[in-house]
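Novice: Sharing a structure here in structure tokens format.
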Amino acid sequence: MEFLKTLGIEEKNYGASTGREWLKTTSEGELKISSPVDGKFIASVYQGSQADYEHIINKSKESYKEWRKMPAPKRGEIVRQIGLKLREYKESLGALVSYEMGKSLQEGLGEVQEMIDICDFAVGLSRQLYGFTMHSERPSHRMYDQYHPLGIVATVSAFNFPVAVWSWNAMIAAVCGNVNLWKPSSKVPLTAVAVQKLTAQVLADNNLPEGIFSLIVGKGSTIGERLLNDKDIPLISVTGSTPVGKHAAEVIARRFGRVILELGGNNAIIMTPDADLKIAVPAVVFGAVGTAGQRCTSTRRLIIHESIYDKVKETLIKAYSSLRIGDPLDQNNHVGPLIDKNAVTVFMNAIEQAKTQGGIVLFGGEPLSGEGYESGCYIVPALVEAENHYHIVQEETFAPILYLIKYSGDVDNAIQLNNDVVQGLSSSIFTNNLREAEEFLSAWGSDCGIANVNIGTSGAEIGGAFGGEKETGGGRESGSDAWKLYMRRQTNTINYGETLPLAQGIKFEL
């Protein structure tokens with residue numbers, strides 16, 4: 001395919017790079033990547049070794065000494081150039097994201113645009129790494145706080161957003177003065193290799209050292225564990241399942257490292273009697289079936305007031321009946337494949353559990369086969385009548401299953417259902433009632449890190465901090481003041497007087 005050639009993806013690729021240097025290890029296994037779109041082999045990637053990892057860390061530590069001394073706006077200039085490079089290759093990279101991962105071409109292009117947007121955001125941020133000044137109680141003293149870089153920041157990204165989540169972390173960490181190490185998902189390493197090659201061009205054009213942006217594709221049991229235990233890495237951002245995040249948090253905490261966790265979501269939309277269905281229904285459908293339900297912000301639960309329940313149910317069945325399922329590179333299709341056959345098995349098992357626990361399948365819930373579905377990764381998105389307390393509803397199934405849950409009474413009851421899961425990522429309410437909207441956003445409203453009114457649960461903008469509460473991990477990435485997580489805070493006091501007064505009026509005389 002032409003986009004593979006454009007991005008420099010060869011039949012066999014190396015998976016470890018210090019930035020401009022590719023380490024040519026072939027002894028750690030070869031990941032042979034096939035597309036969930038058509039089941040065809042794309043290319044392979046050799047996994048990195050322990051020796052590769054140590055080499056990358058040493059190069060990163062060396063480059064950090066130089067990178068942190070570069071003024072932040074100058075670091076922002078490098079990030080600006082990376083954004084320009086991504087603009088230049090947006091079409092090809094978006095096509096690779098779609099073909100390797102299975103999301104629609106529009107979403108693949110959107111993911112690359114998200115990378116471009118975060119570069120723009122980080123460039124502006126490079127001139128706004130503000131501290132604060134405080135008035136001292138002591139005469140002729142000045143107090144202020146400032147922020148310094150941490151060192152090496154590692155990003156462990158998941159398959160569903162193979163490149164965007166890396167950019168959230170890496171671009172902001174870079175303008176903050178950190179160097180970056182990326183461990184991508186082994187399910188989608190080709191997009192990471194492509195991005196690493198584009199970044200390397202910018203490093204070479206600016207004669208920058210190795211180790212500012214590094215990559216290692218490797219086994220979780222070896223490279224992943226080494227990374228978690230590495231005291232040379234003060235901060236790791238982990239995107240993945242809640243069990244993976246729990247393990248990472250425990251390991252990193254034992255060495256007093258920092259961690260940003262972006263874990264599971266069990267996101268709900270509330271539809272009250274005052275909802276505008278013209279905008280609510282499209283938001284629900286996109287939230288539930290976009291990326292084939294494989295977003296951490298995908299809509300899993302729809303909490304509907306009993307007075308409009310039947311109307312909403314009928315409208316959704318009609319909308320789902322019109323979904324076109326197939327090749328995601330064909331922009332006429334709405335839904336592409338799941339990431340692999342194992343994901344199909346998980347989807348089917350969840351449907352069976354829902355039935356066993358009392359759920360009623362209203363639409364979909366079956367695999368697709370035949371012409372156009374040869375990869376075995378295609379399914380029909382499902383609508384299931386359920387109750388919030390069902391065990392399967394309490395879990396996050398990373399697939400397009402939307403549970404329809406009825407509520408009665410006022411919005412307090414719906415909010416209680418929204419909050420009555422262990423995850424706390426994204427949430428939404430559709431209502432034209434100001435009181436309902438404000439209560440949903442209040443301290444006694446949604447307990448999620450993201451709470452929206454009259455928009456869906458997915459499709460967050462990069463300008464706001466992204467992340468969730470409870471078993472979602474509490475992490476925040478991307479916009480707002482999330483940049484502070486990538487820096488160490490330092491409080492400074494300067495005495496420019498001729499005496500030494502002590503705080504709290506303490507007297508000490510020699």
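The values are calculated or read from the model by the stated rules, or taken from the named source; none is laboratory data. Treat the numbers as computed from the prediction; the structure is a model and nothing was measured. Virtual Cβ from ideal backbone geometry, glycine too; neighbours counted across all protein chains shown. Protein only, heavy atoms only, side chains kept; ligands, DNA and RNA dropped before computing areas. Shrake-Rupley method; radii C 1.70, N 1.55, O 1.52, S 1.80 Å.
Novice: For region 432-510, what is the relative contact order in percent, using Cα pairs closer than 8 Å and at least 6 residues apart in sequence? Spell out each step's value before the answer.
Specialist: Numbers: 50 pairs, mean separation 12.8, N = 79.
The value is 16 percent.
Novice: Could you tell me the relative contact order of region 281-359? Use alpha-carbon pairs under 8 Å, at least six residues apart, and round to a whole percent. Display every interim value, and only then the final one.
Specialist: Details: 53 pairs, mean separation 18.8, N = 79.
Averaging sequence separation for qualifying contacts and normalising by length gives 24 percent for region 281-359.
Novice: So for LEU402, LEU31, what's the accessible-area order with a 1.4 Å probe, most first?
Specialist: On the way: LEU402 0, LEU31 35 Å².
If we order LEU402, LEU31 from most to least accessible, we get LEU31, LEU402.
Novice: Here's another thing I want to ask about it. Could you tell me what a quarter of the Cα convex hull surface of region 274-314 works out to, in nm² with one decimal place? Each step should come with its number before you reach the end.
Specialist: Working: hull surface 12.4 nm².
Projected over every direction and averaged, the Cα hull of region 274-314 covers 3.1 nm².
Novice: Run the 1.4 Å probe and let me know the accessible area of TYR496, rounded to the nearest 10 Å².
Specialist: 150
Novice: Out of all DSSP beta bridges in the chain, what portion is antiparallel? Express it as a percent rounded to 5.
Specialist: Details: 28 of 71 bridges.
Expressed as a percentage, antiparallel bridges in the chain total about 40.
Novice: Just the number, please: carbon plus sulfur as a percent of the accessible area of region 123-273, 1.4 Å probe, no ligands or DNA/RNA counted.
Specialist: Details: 2660 of 4980 Å².
Exposed carbon and sulfur together represent 53 percent of the surface.
Novice: What net charge do the residues around GLY376 carry, taking every other residue with its C-beta under 15 Å from that of GLY376, with Lys and Arg at +1 and Asp and Glu at -1? Present the calculation step by step, with values, prior to reporting the outcome.
Specialist: Values: positive: LYS40, LYS341; negative: ASP38, ASP327, ASP340, GLU366, GLU371, GLU374.
After counting each charged neighbour, the total is -4.
Novice: For the chain, what does the helix formula give at 222 nm: sum of -39500 (n - 2.57) over DSSP H segments with n ≥ 4, over the residue count, nearest 500 deg cm²/dmol? Numbers along the way, then the final one.
Specialist: On the way: 15 runs with 182 residues, N = 510.
Value at 222 nm, helices only: -11000 deg cm²/dmol.
Novice: Under a 1.4 Å probe, what is the accessible area of the chain per residue, stated in Å²? Walk me through the numbers on the way to the answer.
Specialist: On the way: 21390 Å² over 510 residues.
Using a 1.4 Å probe on heavy atoms only, each residue of the chain averages 42 Å².
Novice: Under a no-solvent Debye model with one identical scatterer per Cα of region 321-426, what's log10 I(q)/I(0) at q = 0.21, 0.22 Å⁻¹?
Specialist: These q points yield log10 I(q)/I(0) values of -1.11, -1.17.
Novice: Something else: Leaving out ligands, DNA and RNA but keeping every protein chain, what accessible area does SER307 have, in Å² rounded to the nearest 10, with a 1.4 Å probe?
Specialist: 80
Novice: Taking the alpha-carbon set of region 108-147, what are its Rg and Dmax in Å?
Specialist: 18.3, 59
Novice: I've got another one for you. Starting from the Cα gyration tensor of the chain, multiply each eigenvalue by 5, take the square root, and state the resulting semi-axes largest first in whole Å.
Specialist: Working: eigenvalues 324, 204, 72 Å².
In descending order, the three semi-axes are 40, 32, 19 Å.
Novice: I'd like the orientation of helix 105-125 relative to the chain: the angle between its Cα long axis and the longest Cα principal axis, in ° from 0 to 90, rounded to 10.
Specialist: In the chain, helix 105-125 runs at an angle near 20 degrees to the longest axis.
Novice: Then there's this: I'd like the distance separating the alpha-carbon centroids of region 338-386 and region 51-102, in whole Å.
Specialist: One Cα centre to the other: 38 Å.
Novice: Now, a different point. With angles folded into 0 to 90 degrees, how steeply does helix 189-205 sit against the dominant principal axis of the chain? Use alpha carbons for both and round to 10.
Specialist: 30
Novice: Something else about it: Go through TRP22, ILE42, ILE56 and say which Cα lies farthest out towards the positive end of the charge dipole of region 1-82; charges sit on Cβ, +1 for Lys and Arg, -1 for Asp and Glu.
Specialist: About the Cα centre, the residue reaching furthest to the positive side is ILE56.
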